[in-house]
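The values are calculated or read from the model by the stated rules, or taken from the named source; none is laboratory data. In this text, all values refer to a predicted model and were calculated from it rather than measured experimentally. For neighbour counting, all protein chains shown are included, and Cβ atoms are generated from backbone atoms with ideal geometry for every residue, glycine included.
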């Protein structure tokens, strides 16, 4: 007779052996060659993925089932210095909530509200610092924006989507990178990339209430994802992903190597699977999250050089950025 442990091992081994995807390449409209891609957002109920296509000046909405793309145009593009190089920047981050999309634009330091059904831009507000990550917080009807240029998080009141306004600036002790939110407990999470720290901020008092070691080393932590049911926080390091326990002083529960070039990550709570795209390794790793916070690899699949952004739809389809070819890869799971 198989013991429970043996059965679990066999199931996980079989899952790893059978992890396969059908890959479809999609070129984004207006992308003549390479395109800058950063924070995507998955609209899981509608089966859509929102893709801010940087230097094309548009946000592209991909219907994952039909592979059709609709554009929201008219976002400004500008040339900015980055790490000693000049590059074109534009819309770079999307967050979704309450029937709205909230778009961050690095070219203008703006947050713009968009009707998610009509795909129509409503209004924009210009922040006092350039935006990076964007996260809607439903509990307070606010958009929390990481603004690394002035080492802060900027809070935007979007209670009236037609008149968004900057409501607060929360100074930090380092450069914020990545974001996640615990709506039930009123916590906003971000990293301090230059300090190798992960923070929890109370969304009502707007105070940093917890600080933990991220354990990523000198390259620092990057993206974040959160499991509200298990209260687990997933931290992307540049070559692996880790699990922290916020309820127990950020205790490190496990880590899983994924290859180099990790940035943004995504978590599918219904299947308890974590998706990690490694841009330098050009691979997507999928891991199952056990009850005790252990990460068990279900396998990996090739993607594209520079593919460091991933989101996942309700059925486990992953959409990974393919910036060098001006598009995205849709990886549909096969039986």
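Could you please let me know if residue 71 is within 18 Å of residue 326 (Cα to Cα), part of a strand (DSSP E or B) and over 20 Å from the mean Cα position of the chain (by Cα)? Here the answer is yes, as residue 71 does meet what is asked. Scan the range 294-334 for residues that are crowded, with 17+ Cβ neighbours inside 10 Å and part of a loop (DSSP other than H, G, I, E, B) and report the count. Within the range 294-334, residues that are crowded, with 17+ Cβ neighbours inside 10 Å and part of a loop (DSSP other than H, G, I, E, B) number 9. From (1) under 16 Å from residue 135 (Cα atoms); (2) assigned by TED's automatic domain parsing to the domain that holds residue 259; (3) not in a loop (DSSP other than H, G, I, E, B), pick out the condition that doesn't hold for residue 185. Just one mismatch for residue 185, condition (3). Given the criteria assigned to a strand (DSSP E or B), at pLDDT 95 or above and closer than 22 Å to residue 38 by Cα, does residue 225 qualify? Against the criterion (assigned to a strand (DSSP E or B), at pLDDT 95 or above and closer than 22 Å to residue 38 by Cα), residue 225 qualifies.
Can you tell which of 309, 276, 289 is farther than 21 Å from residue 327 by Cβ and touching a residue at least 12 places away in the same chain (Cβ under 8 Å)? Matching residue, one of 309, 276, 289: 289. Restricting 244, 252, 256 to those that are in contact with a strand residue (DSSP E or B) (Cβ under 7 Å, 6 or more places away or on another chain), more than 25 Å from residue 186 (Cα to Cα) and part of a strand (DSSP E or B) reduces the list to 256. The set of residues in the range 98-116 being assigned to a loop (DSSP other than H, G, I, E, B) and more than 17 Å from the chain's Cα centre (by Cα) consists of 98, 99, 107, 108, 109, 116.
Just one of the listed residues (92, 88) is touching a residue at least 40 places away in the same chain (Cβ under 8 Å), surrounded by 14 or more Cβ atoms within 10 Å (Cβ to Cβ) and under 16 Å from the mean Cα position of the chain (by Cα), and it is 92.
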